[in-house]
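To start, the structure under review is shown below, and the notes come after it.
What follows draws every value from the coordinates through simple rules; no lab data is involved. This structure is a prediction, so every number in the text was calculated from the model and none was measured. Quick reminder, even Gly has a Cβ in these numbers, built from the backbone with ideal geometry, and neighbours come from all protein chains shown.
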Amino acid sequence: MRQLTSLAIAALLAVAAACGTVRTDSHSEAARPTIPMPTMAETRPADLPGLHNVVRYADNLLTGAQPEGEVAFETLAGLGVKTIISVDGAKPAVELAAKHGLRYVHLPIGYDGISPERKAELARAVQELPGPVYMHCHHGKHRSAGAGAAVAMALGLTDSATLVERMKLSGTAANYKGMWACATETPRLSAAELAKASNEFPSVYKTSGMVDGMVAIDVENDHVKGIEKAGWKTAEDHPDMFPAKASAGLERALRAMVDDGETKAKDEEFRRLLLASADAAKALDDAVKAGQGAEELSALFKKVGQSCKDCHTKYRD
Ligand code: HEC
C-alpha cells in the first residue's frame with residue numbers, strides 16, 4: 001500500500017513536472033517577440049508580411065491595415081501583440097486570431113468622427129486588455145489612425161502634435177475632419193470616466209435593436225448617395241469609399257437586421273419587406289460589380305430607396 005502510494009506520488013510529480021516544462025516552454029515562446037516593433041521615430045509606415053501601413057501611436061499601440069491571411073497573425077504574434085481591435089465594419093477573423101493566441105475586439109466606427117462613448121470604450125479596451133494592441137480598419141489610413149489618436153489622447157499616452165504627425169504618416173486624408181479632430185480635440189479621460197465605459201469588448205460587434213440597425217443602414221445609404229453624386233465613382237471628399245464597398249455595405253447592413261431580435265418580434269410581413277430591401281440592395285451591388293452604367297445604377301438605387309419607404313410607411317410613419 002505504502003509502495004503504491006509513493007509510486008502514485010512519483011507518477012503525479014512526473015506528470016506535474018512535464019506539464020510545468022511544457023507550459024513554461026510554450027509560454028516563453030509565445031511571449032518572446034521575434035519581429036522588432038516599429039518605433040515612434042519611423043518616417044514611413046512599416047510593411048510586414050500580411051500586415052500593411054503599420055504605424056506606432058504609443059508605447060503599447062500600433063495601427064494599420066486589416067490583417068491579410070494567416071501570415072498576418074504570425075506577424076502580429078511575432079511583434080508580441082496580444083490584442084487586436086478592429087474599428088472596421090467587416091466581421092473579424094476571430095478564430096484565426098485565437099489560433100495565434102490573439103484576442104479580437106470589434107468596435108466599428110464611421111468616417112465622420114468618433115462619439116465620446118466609443119472613444120472611452122476603445123480607450124478602456126487598450127488600457128485593460130493585454131498589450132501591445134494592434135488597431136486596424138481596412139486600409140489603416142483613416143479610421144484606425146483617428147481611433148489610435150483618440151485612444152492615445154484619452155489615456156494621455158502621446159501628445160497631440162506627435163499624433164497629428166503619426167496620422168500624416170498613416171496617410172489620413174485631409175477631408176476626414178472628424179478623424180483629425182481625434183488627435184486635437186479628444187479630452188484626457190479620468191479613471192472614473194473610463195470605468196463608466198462599456199467593458200463588454202465584443203469579438204464580433206452586433207447592432208442591437210431597430211434604431212441602431214437603422215442608423216447603421218442610413219450611414220451605408222449615405223455612402224451610396226455620395227458615390228452616386230460623384231457619378232458612381234469614388235467621391236473626392238471621401239477617398240476611402242469606392243462604389244462596390246458602398247453597395248456591399250448597404251446590403252450587409254440591411255441583411256444584418258434580418259436576424260435582429262426586434263425583427264423577430266415583428267410579423268412576417270415586416271420580415272418580407274426587410275428581405276425585399278436587402279434583395280434590392282443586392283441587385284444594386286451586383287450591377288455595380290458588373291460595371292453597369294450610371295443610369296442603370298441610379299435606377300436600381302431608386303428601387304432600394306422605394307423599398308425603405310415601403311416599410312417605413314407601414315411600420316414607422
Ligand atoms: C422592413 C422595414 C424597414 C426597412 C426595409 C427599412 N427600414 Fe428604416 N426604419 C424601420 C423602422 C420600424 C424604423 C423606426 C425605428 C424606431 O424608431 O423604433 C426605421 C427607422 C429608420 C431611420 C430613423 C432612425 C432613428 O434615428 O430613429 C432611418 C434613418 C432609416 N430607418 C433609414 C432606412 C433606410 C435608408 C432604409 C433603406 C435602405 C431603411 N430604413 C429600410 C423599418 C425599416
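When both bridge partners sit in region 36-183, DSSP labels roughly 30% of those beta bridges antiparallel.
Once the Cβ-Cβ distance of Ala174 and Arg316 is raised to the sixth power relative to R0 = 45 Å, the FRET efficiency obtained is 0.75.
In the neighborhood of Val71, defined by Cβ-to-Cβ distances under 14 Å, what is the net charge if each Lys or Arg adds +1 and each Asp or Glu adds -1?
-3
Peptides 286-297, 237-248 ranked from most to least packed, by the mean per-residue count of other Cβ atoms within 10 Å: 237-248, 286-297.
DSSP beta bridges confined to the chain are antiparallel in about 30 percent of cases. Packing, taken as the mean count of other beta carbons within 10 Å per residue, orders the peptides 132-144, 257-269, 149-161 from highest to lowest as 132-144, 149-161, 257-269. Annotation: amide H-H contacts under 5 Å for Val105 (H modelled 1.01 Å from N, sequence separation of 5 or more, or interchain): Ile84, Ile85, Ser86. About its Cα centre, what dipole magnitude does the chain give when the only charges are +1 on Lys and Arg Cβ and -1 on Asp and Glu Cβ, stated in debye to the nearest 20? That gives a dipole near 480 debye.
For Lys119, list the aspartates and glutamates whose Cα falls under 18 Å from its own Cα; do not include residues on the same chain fewer than 8 positions away. Once the sequence-local aspartates and glutamates are set aside, what remains near Lys119 is Asp88, Glu128, Asp159, Glu185, Glu193, Glu200, Asp212. Among 171-179, 86-94, 37-45, sorting by the average number of other beta carbon atoms lying within 10 angstrom of each residue, highest first, gives 86-94, 171-179, 37-45.
Cross-link partners for Lys302 among the aspartates and glutamates, with Cα-Cα distance under 18 Å and sequence neighbours closer than 8 places in the same chain left out: Asp218, Glu220, Asp222, Glu228, Glu251, Asp279, Asp285, Asp286, Asp310. Stretched out straight at 0.36 nm per residue, the stretch from Asp237 to Lys303 would grow longer than its current Cα-Cα span by 21.2 nm.
The count of lysine pairs in region 169-246 that are at least 8 places apart or cross chains, and whose C-alpha atoms lie under 29 Å apart, stands at 13.
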